[in-house]
Amino acid sequence: MDVYCVRHGETAWSLSGQHTGVTDIPLTDNGRRLAERLRPVLARQTFALVLVSPLRRARETAALAGLGDRAEVEPDLKEWDYGDYEGMTSDQIHHGRPGWMIFHDGAPGGETPAEVGARVDRVIARARAAPGDVALFAHGHLLRVLGARWIGLPPEGGARFLLDTGTLSILSDYRGEAAVRVWNAPLVD
């Protein structure tokens, strides 16, 4: 069984580096193009389960990638709630809080790493219970934590998994051990 993890396409805030948790913004034109490039890749697969974050950018990516009609909204796939840091860039945050990192410190008024880890653990359990391959459409920091948790790292381990917009990652197993088959794969024409 493989779990196909798709980070949504580009948004205005992903371009500017603003932390986009609960703010429900659409994809840019380029973000829509990135999502459409996923269609032929995903069309070659058969999915037993397709889950999508309730946020517009992920739902729009799933639709453009050809799986929107099969996607079930999964609230646990929402992006990290950045609380007081919503809409801010890392540079802006570091100005008042040097050394801050979401994966270690969480966000004031938002979620902690442990809370995000608990959400992704529920998604992982649901994916593992599916009778075949699974597709997940979600967000950068959330999927980074999911990748870490898949292989048994703590939520903080998500800091070690870089993830661009409009990319595909595949989580799998190797001889009974959780493994990463593909990570942060860009789709090229």
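Which far-off residues, 5 or more places away or on another chain, put their amide H under 5 Å from the one on Ala135, with H placed in the peptide plane?
It is Tyr4, Leu49, Val50, Leu51, by chain and number.
Among Pro98, Val6, Thr20, whose Cα projects farthest towards the positive end of the dipole of the chain, with charges put on the beta-carbon of Lys, Arg (+1) and Asp, Glu (-1)?
Of Pro98, Val6, Thr20, it is Val6.
Enter the angle in degrees (range 0 to 90, nearest 10) between the Cα long axis of helix 140-150 and the first principal axis of the Cα atoms of the chain, meaning the one along which they spread out most.
Between the helix axis and the principal axis of the chain, the angle is about 60 degrees.
Which distance in nm do the two modelled labels at Ala12 and Asp164 give, with both placed 7 Å along the Cα-to-Cβ direction?
2.4 nm
Hey, of [x] -0.81, -1.24, -1.32; [y] -0.61, -1.20, -1.33; [z] -0.66, -1.39, -1.57, which did the structure itself give for log10 I(q)/I(0) by the Debye sum over Cα atoms at q = 0.13, 0.18, 0.19 Å⁻¹ when calculated?
[y]
Using θ = phi - 60° and the Karplus form 6.51 cos²θ - 1.76 cosθ + 1.60, what ³J(HN,Hα) does each residue of segment 50-60 get, whole Hz, x for Gly and Pro?
My calculation for segment 50-60 gives 10, 10, 9, 4, x, 7, 3, 4, 6, 5, 5 Hz in order.
Any idea what the relative contact order of the chain is, in percent, if you count C-alpha pairs under 8 Å spaced at least 6 apart?
Working: 400 pairs, mean separation 57.1, N = 189.
It comes to 30 percent, rounded to a whole number.
What's the magnitude of the charge dipole for the chain around its Cα centre, counting Lys and Arg as +1 and Asp and Glu as -1 at the beta-carbon? Answer in Debye, nearest 20.
Using only the charged Cβ atoms, the result is roughly 500 debye.
Which value in deg cm²/dmol, rounded to the nearest 500, describes the helix-derived mean residue ellipticity at 222 nm for the chain, given -39,500 (n - 2.57) per DSSP H run of n ≥ 4 and division by the residue count?
-9500 deg cm²/dmol
How far is helix 113-129 tilted, in degrees, relative to the longest principal axis of the Cα atoms in the chain, given as a value from 0 to 90 rounded to the nearest 10?
0 degrees
With no solvent and one point per C-alpha, what does the Debye sum give as log10 I(q)/I(0) for segment 36-97 at q = 0.12, 0.22, 0.27 Å⁻¹?
The computed values of log10 I(q)/I(0) come out as -0.44, -0.86, -1.09.
Calculate the all-directions average of the projected area of segment 146-189's alpha-carbon convex hull, and give it in nm².
3.4 nm²
Read-outs throughout are calculated quantities, based only on the coordinates presented, and are distinct from any laboratory measurement. Not measured: the values here are computed from a predicted model. Methodologically, a virtual Cβ is constructed for each residue, glycine included, from the backbone with ideal geometry; neighbour enumeration extends over all protein chains shown.
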